[in-house]
Amino acid sequence: MSRSSYTEIQKFRFNQMDEAAIDPLSLNRLHDEIFQRVITQAMGQIAKDYGPPPCPFSFFVTGSAGRMEQSIWSDQDHGIIFHDDGHEEQFYFLQLGREISTGLCQVGYPYCHGGVMSSNPLWCKSSSQWQKQLSKWMNEADWEATRYLLIFLDARNLFGEQTFVQQLKKHVYHTANQSLLMPNLLANTMYYKKGVNVLGKLLTETHGPYAGSLNIKEIGLFPYVNAVRLIAIKDHIVEASTLSRLEAMSETSFPTIDKKGYIQQFQKLLNYRLLFGDQTNYTSSHYLPIKQLTKQQTKEVKDIIKDGAALYHAVRKSLEKDVSNGIK
Amino acid sequence: MDTVFLMNSMWVMLGAVLVILMIGGFILLETGSTRMKNAGHIAGKTILTFSIGSILFWAVGFGLIFGKGNSLIGFSHFFYSGYDIDSLSLSGAVFFLFQLAFAGISLTIAFGGFAERAKLSAYLVFAVLFSIIVYPPIAHWIWGGGWLAEHGKQDFAGSTVVHLTGAMAALAATIILKPRIGKYNKDGSANNLAGHNQVFTALSVLLLWVGWFGFNAGSTLSVDKGFFGFVAVNTNLAAAAGTVAAMIISWIVLGKADVPMMLNGALAGLVAITASCAFVETWAAVVIGFIAGILVFYSIRFFEKMKIDDPIAALSVHGAAGVWGTLSTGFFATKELATVGQPGLFYGGGLHQLGVQALGVVVCGAFAFIVSFILLSIMKAAMNGLRVTEEEEIIGLDMSEHGSYGYPELVKSEQKLHA
């Protein structure tokens, strides 16, 4: 029974996609709507077996879905925060998480290889357990814990109690000792793939099926995403999308950064990926075939990439200065 | 007995040992630059083909190169038995062994073009044919008193004779054998079939680098005035400059200091200085090596674009750098050092020597390529193809040609994973 209903949602996805895929925002709204339909469907299924939810909860998405930067193909990254602490609640919401993950997979969102799914106990916890876990991640501060923390900070509520995600983010911001946390976060997001060589030429793939194309995810998006996430942490911004984080950033904390310019550049970047990427599958959608671009467009892409790198360096420099000055 | 005779013999014997050790360098170079499933095969066949080459050189190669004959070929001294040679002030047997080692290196370079797809039998037959028909004529022309020697061609230790000859045979082989399975996609883009061990490749470069002191400095064939030291210094400088140049150019163009490219730069520097090491000043050795390092980077990209699959970059390292090295004396040979031929363009010699060098490159390169191409084409027809079957290529030549893997545990566990 549930299977056939997920098939309905899959059809809905198929029918709506062409229309939505004309701009990044409407595309991400469609993804949200599909997720919400799957959640509703899964909740109905679980209600039949185990009754209604035992307490209020929030279902959040993270990763590119959290940041509203999905392309047409996307895998699933999500978690659940439920209000009351208890074994029964834990059991109930894990069942729900499992049903949602299965449903999403059937609708066309492959499982997350890294296990960032509400079917995984690590990502399906009560509010108080989440608080403990986040504190543990901050204290452990090793590579994996920092990675998880960064993933959580990209969380965006999609269903249920809007405030749960925000409260946990505030918990992170208020309890973290930034001068200890920041160096770890910087170390974890320090690497980015160089996009332009010293001669000013775009560094496209030299080998493989995407030879001649630009890896727009690693070269283009990542510097913006990582830099803006760091800004959000410093400014205690609870929004998850890169664009809304840029909108929300204070004018004073990074006085050298022209946020309007970066907002424009990032929007353009998302448009390029959507319009020029080969949308056959997830991997191919992240390669920009430079040969199909006009001279003007190539220059624009180059500028976007250079600006991304500049933004990243500016944020990094500013934060390193803060760390050495011992901010709290 | 004459002390100088003994010392010359000792020195050149050391050179011969170093050059034969370079075979070990080539084993590491080729295996490191190719995939695990072919490692045992590549290592084993290198020793085998050197053995075949050695016997052929003894039987006929030496006589065709250094025997009495005309300006095109020698024709005496077959089945060399260890006697001294009148015109040489060193042991005849040492000289023979030193020359045998060079022939072996040229043959090993040629087989770079066979890597990862040729049948073992193709190696065996071509080892015989190359050792009789391809290498000896060119070596005779330049080193055996042939027409290019009379012409004044400068090739001190064999940029042309050894490296270009080997590379041209490799080019013929890569063209006839066609690319390895999976090298090119349907749209024509190339995949990177990365070598399995960069540490092997780096160690191979060090082994070859040290062996090259035997190759170049040993080619003085004497200890007179300690001139071999100067030759060794030039050799070292060119290798160093080639490494640095390839690192810089790959960083500038690709944004990364590519390790295999850097290592190819070292080898290109060594190949290039081989012709000119005794004829040029130290600063020129740096320039020659540096240019070779840049050249090899673009040459590798060029061949890949032309859909010529050259797994260990033999065409670029030995071919392109061999051509440049031979031409380089036409620019940089000094009046004092040019014991053969004339000084180069930058030392008042005008274009004369450059012309001689260019002629030598074109004639020797064309001869090696055309003869190898014809021989391999005949072999292909007679032997029902030179290449293993697709299935054999996929399971690896270790298994198809020899029945056991060089890395049995690793390859088998990997195959289980993919099954």
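A few remarks follow.
- Search result, residues across the range B:14-31 that are in contact with a Leu (Cβ under 6 Å, 6 or more places away or on another chain) and of a type in the set (A, V, I, L, M): B:A16, B:M22, B:L28
- Of A:E218, A:E239, A:E205, all but one fail to be closer than 18 Å to A:G63 by Cβ and within 14 Å of chain B (Cβ to nearest Cβ); the exception is A:E218.
- On the stretch given as the range B:79-113, residues that are β-branched (V, I, T) and either surrounded by fewer than 17 Cβ atoms within 10 Å (Cβ to Cβ) or assigned to a loop (DSSP other than H, G, I, E, B) (or both) total 1.
- Checked against the criteria, A:Q133 counts as under 16 Å from A:I151 (Cβ atoms), over 17 Å from the mean Cα position of the chain (by Cα) and part of a helix (DSSP H, G or I).
- Test: residue in the range A:170-191 that is within 14 Å of chain B (Cβ to nearest Cβ) and not small (G, A, S): yes
- Restricting attention to the range A:15-29 and to residues that are touching a residue at least 24 places away in the same chain (Cβ under 8 Å) and part of a helix (DSSP H, G or I), the residue that is surrounded by the fewest Cβ atoms within 10 Å (Cβ to Cβ) turns out to be A:L25.
- For the range B:328-347, taking the residues that are touching a Lys or Arg at 6+ places or on another chain (Cβ under 7 Å) and not hydroxyl-bearing (S, T, Y), the one that is farthest from B:I132 (Cα to Cα) is identified as B:P343.
- Scope the range A:207-223; condition in contact with a helix residue (DSSP H, G or I) (Cβ under 7 Å, 6 or more places away or on another chain) and either part of a loop (DSSP other than H, G, I, E, B) or at pLDDT below 85 (or both); matching residues: A:G212
- Test: residue in the range B:13-31 that is more than 18 Å from the chain's Cα centre (by Cα) and surrounded by fewer than 18 Cβ atoms within 10 Å (Cβ to Cβ): yes
- Meets criteria (within 14 Å of another protein chain (Cβ to nearest Cβ) and within 22 Å of the chain's Cα centre (by Cα)) for B:A194: yes
- Between A:G103, A:G97, A:G79, A:G108, the distinction of being within 19 Å of A:D32 (Cα to Cα) and touching a His at 6+ places or on another chain (Cβ under 9 Å) belongs to A:G97 only.
- Qualifying residue in the range A:35-58 (condition: in a strand (DSSP E or B), within 20 Å of the chain's Cα centre (by Cα) and either among the polar types (S, T, N, Q) or on the phi < 0 side of the Ramachandran plot (or both)): yes
- Condition check for A:G261: over 15 Å from the mean Cα position of the chain (by Cα) and within 14 Å of chain B (Cβ to nearest Cβ): no
- Checking B:E116 against (1) part of a loop (DSSP other than H, G, I, E, B); (2) surrounded by fewer than 21 Cβ atoms within 10 Å (Cβ to Cβ); (3) of a type outside the set (A, V, I, L, M, F, W, C), the condition it does not meet: (2)
- Among (1) in a helix (DSSP H, G or I); (2) under 30 Å from B:I181 (Cα atoms), the one test that B:P311 misses: (1)
- Within the range A:107-130, the set of residues being assigned to a helix (DSSP H, G or I), of a type outside the set (V, I, T) and over 18 Å from the mean Cα position of the chain (by Cα) comprises A:P121, A:S127, A:S128, A:Q129, A:W130.
- Taking the criterion of being more than 10 Å from every other protein chain (Cβ to nearest Cβ) and at pLDDT 85 or above, the only residue of the range A:192-201 that qualifies is A:G200.
- So A:D32, is it closer than 27 Å to A:F222 by Cβ, in contact with a helix residue (DSSP H, G or I) (Cβ under 9 Å, 6 or more places away or on another chain) and outside any loop (DSSP other than H, G, I, E, B): yes
Residue by residue, here is whether (1) surrounded by 20 or more Cβ atoms within 10 Å (Cβ to Cβ); (2) assigned by TED's automatic domain parsing to the domain that holds A:A227; (3) out of contact with any Cys (no Cβ under 9 Å at 6 or more places or on another chain) holds:
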position: A:G114; (1), (2), (3): no, no, yes
position: A:M117; (1), (2), (3): yes, no, no
position: A:Q129; (1), (2), (3): no, no, yes
position: A:M138; (1), (2), (3): no, no, yes
position: A:F152; (1), (2), (3): yes, no, yes
position: A:L180; (1), (2), (3): no, no, yes
position: A:T189; (1), (2), (3): yes, yes, yes
position: A:K194; (1), (2), (3): no, yes, yes
position: A:G208; (1), (2), (3): no, yes, yes
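- Exactly one residue out of B:G242, B:G195, B:G214, B:G158 is over 22 Å from B:I312 (Cα atoms) and crowded, with 17+ Cβ neighbours inside 10 Å: that is B:G214.
- Just one of (1) within 14 Å of another protein chain (Cβ to nearest Cβ); (2) surrounded by 20 or more Cβ atoms within 10 Å (Cβ to Cβ); (3) without any contact (Cβ under 8 Å) to a residue 60 or more places away in the chain fails for A:S213. It is (3).
- Selection count, the range B:241-273, where residues are in contact with a Lys or Arg (Cβ under 8 Å, 6 or more places away or on another chain) and either away from chain A (no Cβ under 11 Å) or not charged (D, E, K, R) (or both): 3
- Of all residues making up the range B:263-289, the number that are in contact (Cβ under 8 Å) with a residue 12 or more places away in the chain, surrounded by fewer than 24 Cβ atoms within 10 Å (Cβ to Cβ) and hydrophobic (A, V, I, L, M, F, W, C): 2
- Hits in the range A:161-199 (condition: part of a helix (DSSP H, G or I) and among the hydrophobic types (A, V, I, L, M, F, W, C)): A:F164, A:V165, A:L168, A:V172, A:L180, A:L181, A:M182, A:L185, A:L186, A:A187
- Selection count where residues are touching a Phe, Trp or Tyr at 6+ places or on another chain (Cβ under 9 Å), assigned to a helix (DSSP H, G or I) and not charged (D, E, K, R), scope the range A:231-243: 4
- Per-region count, the range B:217-239, residues buried (at least 24 other Cβ atoms within 10 Å of the Cβ) and outside any helix (DSSP H, G or I): 0
The values are calculated or read from the model by the stated rules, or taken from the named source; none is laboratory data. Here the structure is a predicted model, which is why all the values come from computation and not from measurement. Here Cβ is always computed from backbone atoms with ideal geometry, including for glycine, and neighbour counts include all displayed protein chains.
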